[in-house]
1. Can you give me the ranges of the helices (runs of 4 or more DSSP H) entirely in the stretch 1-111 with at least 1 residues that are in the same structural domain as I151 (by TED's automatic domain parsing), under 30 Å from S139 (Cβ atoms) and without any contact (Cβ under 8 Å) to a residue 60 or more places away in the chain?
2. For the stretch 144-188, give me each residue that is of a type in the set (A, V, I, L, M, F, W, C) and in contact with a Pro (Cβ under 7 Å, 6 or more places away or on another chain).
3. For the condition touching a helix residue (DSSP H, G or I) at 6+ places or on another chain (Cβ under 6 Å), modelled with pLDDT of 95 or more, in the same structural domain as L66 (by TED's automatic domain parsing) and not aliphatic (A, V, I, L, M), what is the one hit in G147, G124?
4. Please state which one of A73, A90 is over 11 Å from the mean Cα position of the chain (by Cα) and crowded, with 18+ Cβ neighbours inside 10 Å.
5. Quick check on my filter: what residues within the stretch 44-70 are among the β-branched types (V, I, T) and surrounded by 19 or more Cβ atoms within 10 Å (Cβ to Cβ)?
6. Could you figure out which of (1) closer than 26 Å to L21 by Cβ; (2) out of contact with any helix residue (DSSP H, G or I) (no Cβ under 6 Å at 6 or more places or on another chain); (3) surrounded by fewer than 18 Cβ atoms within 10 Å (Cβ to Cβ) isn't true of F158?
7. Is it the case that P165 is exposed (fewer than 14 other Cβ atoms within 10 Å of the Cβ), at pLDDT 95 or above and assigned by TED's automatic domain parsing to the domain that holds G72?
8. Being in contact (Cβ under 8 Å) with a residue 40 or more places away in the chain and closer than 30 Å to A16 by Cα narrows it down to one residue among A152, A128; which is it?
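The values are calculated or read from the model by the stated rules, or taken from the named source; none is laboratory data. Computed from a prediction, not measured in an experiment: that's the story for all the values here. Counting neighbours? That spans all protein chains shown, and the Cβs are built from the backbone with ideal geometry, glycine included.
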Amino acid sequence: MGRWEPNARGRLEQAAMELFLERGFEQATVTEIAGRAGLTQRTFFRHFADKREVLFYGQEMLRDLLVSAVAGAPEPAAPIDAVADAVVAAGGLLQERREYARRRQIVIDANPELRERELIKLAGLAEAMADALRKRGVSDPAASLTGEAGIAVLKVAFGRWLSEPGQPDLPQLMRESFSELKAVTAGQ
């Protein structure tokens, strides 16, 4: 193996996903992941703290995107519209990796520890958006409710996008889901 390997992170991610799907998350080892990628364990640990991080890498980038979109919403925007714009922007980012997202979700759904980690991640994203709303002057409980509603829409639209063939792109599903939420809360 050479000292420098191009796209090491991508190769590790692909190897890990293959092993997680073939053998299960618990049975796949870092040694096997690195070996399948043609890399060393040391290289694995340069990119990921542990094998769970392969599945949760990019969480900070997603949080930063959501927060900056809420913070950057026009002043007259209603809190739900600021969150909707942020979630739709995140959908655009996730859209780029549909097949990876589908495979990732299969692995997470098969493991209770990973499902718990996913829920903690989503709760953190809801709280980050609520904090961004508070900085815009939205008081509680409105800020917290709106952040949680945004994550609920993300979860529902994301699940439909992965499981229903022929669905439009993820940002469009998110827009439709926010419209449905607004209709339900308006009593229509």
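1. On the way: elements: 8-23, 30-37, 41-47, 52-56, 59-71, 79-95, 98-109.
Once the helices (runs of 4 or more DSSP H) in the stretch 1-111 are filtered for at least 1 residues that are in the same structural domain as I151 (by TED's automatic domain parsing), under 30 Å from S139 (Cβ atoms) and without any contact (Cβ under 8 Å) to a residue 60 or more places away in the chain, what remains is 59-71, 79-95.
2. Taking the stretch 144-188 and keeping what is of a type in the set (A, V, I, L, M, F, W, C), we get 145, 149, 151-154, 156-158, 161-162, 170, 173-174, 178, 181, 183-184, 186.
The answer is none; no residue qualifies.
3. G147
4. A73
5. Taking the stretch 44-70 as the starting set, the residues that turn out to be among the β-branched types (V, I, T) are 54, 67, 70.
Those that are among the β-branched types (V, I, T) and surrounded by 19 or more Cβ atoms within 10 Å (Cβ to Cβ): V54, V70.
6. Condition not satisfied by F158: (3).
7. Numbers: exposed (fewer than 14 other Cβ atoms within 10 Å of the Cβ): yes; at pLDDT 95 or above: no; assigned by TED's automatic domain parsing to the domain that holds G72: yes.
Taking the combined requirement at face value, the residue does not satisfy it.
8. Result: A128 is the single residue among A152, A128 that is in contact (Cβ under 8 Å) with a residue 40 or more places away in the chain and closer than 30 Å to A16 by Cα.
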